[in-house]
Amino acid sequence: MATVEERVKMVTAKVLDLDPERIHPEDSFTEDLGAESVQSIELVAMFEEEFGIEMDEDAALSVTTVGGAVDFITAVCKEQGVDVD
Amino acid sequence: MAKHRRHHNLPEVLRPNLLEDIFPHDLPPQIRFDGPVVEYIDGQPVQFDFSSVKNRDIVITDTTFRDGQQSLPPYSVDQMVKIYDLLSRLGGPNGVIRQTEFFLYTKNDRLALDRCRELGHKYPECTGWIRAVKGDFRLVREAGLRETGLLTSCSDYHIFHKLKFRSHKECMDSYCEVVQAAFDAGVRPRCHLEDVTRADIDRFVLPFADRLMEMSEGVPEELSVKIRLCDTMGFGISYPGAELPRSIPKLIYKLNHDCGVPSSRLEWHGHNDFHKVHINGATAWLYGCDALNSTLFGFGERTGNPPLEGAIIEYIALKGGLCGIDTLAITELADYMRSIGLPIPDNYPFAGRAFNVTRAGIHAGGLRQDERIYNIFDTEKLLGRPPRVAITDKSGADGIVHWVNEFFGLKGEERINKIKVHRLARWVIDQYDVEGRLTSISDQELAAKAKEFFPDYWAKYKTNV
């Protein structure tokens with residue numbers, strides 16, 4: 001089973017139309033990966049779909065980096081009883 | 001300068017100061033004064049206490065059927081009756097809209113007047129408008145009106161060049177004969193001092209006003225002359241320090257104080273040729289003129305008159321309460337005007353289709369957090385018009401989510417968040433980025449997409465659509 005990081009990178013690559021190999025944990029979604037306003041919303045929506053979770057809108061949108069998203073999603077999955085180990 | 005600079009401490013403020021006494025939101029923002037205004041008149045300082053307006057019987061008068069019709073195709077009788085009925089509701093039982101005036105020259109003019117009076121409303125009182133011709137009083141008498149406006153033009157442009165009088169005296173004598181005829185007919189004359197902001201104030205307007213006051217001394221109070229100050233070309237200036245004849249403060253002061261025309265018998269009638277029409281009207285109120293003459297949506301000769309609905313909102317702001325006014329009638333009147341083919345610009349304050357519609361995503365974001373951030377007052381409560389967003393490529397997800405929530409009428413916890421509208425947001429962006437669209441997206445298009453992307457909400461909230 002893919003790790004949370006791999007799945008986050010996969011979703012990010014799909015939404016932003018990027019090569020997953022180009023995406024690193026320290027990358028900022030907007031500054032490094034070029035996410036525009038609507039793409040930020042799409043990223044959150046796709047993460048919810050991928051992991052089967054619901055995220056708080058403001059908290060999710062305040063996450064700025066890929067690594068931050070991995071941590072945030074891992075925490076939400078844990079809270080909502082979604083197994084990602 | 002620097003030596004006298006004051007230092008301003010930044011105190012620790014942990015709670016927002018929303019100034020709700022000035023911006024109550026369930027009423028238009030209040031207009032409050034914190035001291036008198038000083039105007040120099042004939043070299044002497046004169047104080048005006050604007051706060052006294054709260055206790056004065058200031059009123060709105062209407063000329064939608066007279067000046068308002070001079071710029072439009074004529075209203076039908078049924079249309080006039082409908083508008084009159086709504087005007088009465090808008091002004092309320094205290095008669096904030098105190099009077100409205102009618103032409104009396106055609107059969108339809110007189111029929112409209114009769115049918116309006118048959119409604120039995122106390123306010124607005126129906127008055128007439130005739131030329132300064134003695135024979136026209138027959139029309140006023142036959143119509144059973146107690147008051148009529150008379151055209152008494154007072155600038156030399158009118159006196160000498162239009163009416164061809166040979167002197168001020170000849171002109172004044174002629175006008176006064178007609179005023180006497182009004183008295184004789186038992187009709188109160190309201191002298192319309194046309195073009196007063198371009199008139200010879202000292203050598204015609206003030207002597208004429210003196211004579212009108214003298215004539216009024218010989219008749220019962222209810223017949224005494226009223227004076228309407230007509231800023232025919234929109235030349236009036238509201239600023240303190242402006243000189244006559246354009247100064248509204250000085251003009252009103254001189255008539256009020258020097259000629260003794262009581263405030264209750266002074267009325268301001270403006271035109272919008274220089275974009276000053278509303279503020280000039282409000283200025284006239286503040287400086288001592290009790291009546292502000294206006295038309296619905298400012299329809300009137302050339303650039304129009306003071307907009308009546310603007311005067312209504314100003315009235316509430318000055319008085320600090322609704323005083324019986326039914327502001328929802330503004331929206332009904334606007335809808336009715338549109339339904340009979342009279343256009344109101346979309347961005348027109350209080351009544352245009354888009355007056356409280358934002359296209360900026362950042363404003364929509366503010367609206368979503370707290371309506372008060374970007375809505376002038378509670379427009380849903382006062383006008384039946386909640387704030388809306390129009391969708392373009394600048395709307396952002398904030399604008400789109402606001403539109404969706406308003407469209408489905410979702411409140412509180414029910415409201416959808418931004419994440420849930422991502423497919424609609426993508427469709428909107430692609431309209432511009434991919435399809436090359438250059439126009440806003442209509443509500444109808446968005447509704448179709450809302451049905452596609454939110455079938456559950458559609459089934460729950462739009463089953464009757």
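The values are calculated or read from the model by the stated rules, or taken from the named source; none is laboratory data. Being a predicted model, the structure only gives us computed values, none of them experimental. With ideal geometry, Cβ positions are generated from the backbone for all residues, glycine too; neighbour counts draw on all protein chains shown.
Within the stretch B:278-291, count every residue that is touching a Pro at 6+ places or on another chain (Cβ under 6 Å) and crowded, with 24+ Cβ neighbours inside 10 Å. The total comes to 2.
The set of residues in the stretch B:255-272 that are surrounded by fewer than 21 Cβ atoms within 10 Å (Cβ to Cβ) and closer than 23 Å to B:MET337 by Cα contains only B:ASN272. Among the residues making up the stretch B:180-194, those that are surrounded by fewer than 21 Cβ atoms within 10 Å (Cβ to Cβ) and either under 9 Å from B:THR152 (Cβ atoms) or out of contact with any Phe, Trp or Tyr (no Cβ under 9 Å at 6 or more places or on another chain) (or both) are B:GLN180, B:PHE183, B:GLY186. Taken together, the residues in the stretch B:395-411 that are among the hydrophobic types (A, V, I, L, M, F, W, C) and facing chain A (nearest Cβ under 8 Å) amount to 1.
Yes/no per residue for (1) within 14 Å of another protein chain (Cβ to nearest Cβ); (2) closer than 26 Å to B:GLY399 by Cβ; (3) free of Cβ contacts under 8 Å to residues at least 12 places away in the same chain; (4) among the hydrophobic types (A, V, I, L, M, F, W, C):
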position	(1), (2), (3), (4)
A:ILE23	no, no, no, yes
A:ASP27	no, no, no, no
A:SER37	yes, yes, yes, no
A:ALA45	yes, yes, yes, yes
A:GLU54	yes, yes, no, no
A:GLU57	yes, yes, no, no
A:THR65	no, no, no, no
A:ALA75	no, no, yes, yes
A:GLU79	no, no, yes, no
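In the stretch B:368-392, the residue that is nearest to B:LEU446 (Cα to Cα) out of those that are buried (at least 19 other Cβ atoms within 10 Å of the Cβ) and within 14 Å of chain A (Cβ to nearest Cβ) is B:ILE391. Among the conditions (1) within 24 Å of the chain's Cα centre (by Cα); (2) in a helix (DSSP H, G or I); (3) surrounded by fewer than 14 Cβ atoms within 10 Å (Cβ to Cβ), the only one that B:LEU111 does not satisfy is (1). Among the residues of the stretch B:412-433, none is identified as modelled with pLDDT under 90 and either facing chain A (nearest Cβ under 10 Å) or within 33 Å of the chain's Cα centre (by Cα) (or both).
Pairing residues of the stretch B:13-24 that are surrounded by fewer than 10 Cβ atoms within 10 Å (Cβ to Cβ) with residues that are at pLDDT 95 or above and part of a loop (DSSP other than H, G, I, E, B), at Cβ distances under 9 Å and at least 6 apart in sequence or on separate chains, gives B:ASP21/B:GLN30; B:ASP21/B:ARG32.
Which residues, counting only those in the stretch B:319-348, are in contact (Cβ under 8 Å) with a residue 40 or more places away in the chain and not aliphatic (A, V, I, L, M)? Listed by number, the residues that qualify are B:LYS319, B:GLY320, B:GLY321, B:CYS323, B:GLY324, B:ASP326, B:THR327, B:THR331, B:GLU332, B:TYR336, B:TYR348.
Quick one: how many residues across the stretch B:216-225 are without any contact (Cβ under 8 Å) to a residue 40 or more places away in the chain, surrounded by 17 or more Cβ atoms within 10 Å (Cβ to Cβ) and not in a loop (DSSP other than H, G, I, E, B)? Result for the stretch B:216-225: 1. Number of residues in the stretch B:397-410 that are over 33 Å from the mean Cα position of the chain (by Cα) and either of a type outside the set (A, V, I, L, M) or over 19 Å from B:ASP430 (Cα atoms) (or both): the value is 3. For B:GLY128, the criteria (1) more than 30 Å from B:LEU86 (Cβ to Cβ); (2) surrounded by 22 or more Cβ atoms within 10 Å (Cβ to Cβ) hold in every case but one, which is (1). Got at least one residue in the stretch B:439-454 being within 14 Å of chain A (Cβ to nearest Cβ) and out of contact with any Pro (no Cβ under 6 Å at 6 or more places or on another chain)? Yes, that holds for at least one residue. Please work out if A:GLY34 is out of contact with any Ser or Thr (no Cβ under 8 Å at 6 or more places or on another chain), of a type in the set (Gly, Ala, Ser) and modelled with pLDDT of 95 or more. When the stated conditions are applied, A:GLY34 does not pass them. Count of the stretch B:159-179 residues, restricted to those that are part of a helix (DSSP H, G or I) and either in contact (Cβ under 8 Å) with a residue 40 or more places away in the chain or in contact with a Phe, Trp or Tyr (Cβ under 9 Å, 6 or more places away or on another chain) (or both), is 10. State all residues of the stretch B:244-259 that are assigned to a helix (DSSP H, G or I) and not aliphatic (A, V, I, L, M); if no residue qualifies, say none. B:PRO249, B:LYS250, B:TYR253, B:LYS254, B:ASN256, B:HIS257, B:ASP258 - these are the residues of the stretch B:244-259 that are assigned to a helix (DSSP H, G or I) and not aliphatic (A, V, I, L, M). Restricting to the stretch B:146-162, what's the tally of residues that are aliphatic (A, V, I, L, M) and at pLDDT 95 or above? Adding up the residues that qualify gives 1. Please work out if B:GLU221 is assigned by TED's automatic domain parsing to the domain that holds B:THR148, more than 31 Å from the chain's Cα centre (by Cα) and at pLDDT 95 or above. Judged against the criteria, B:GLU221 is not a match.
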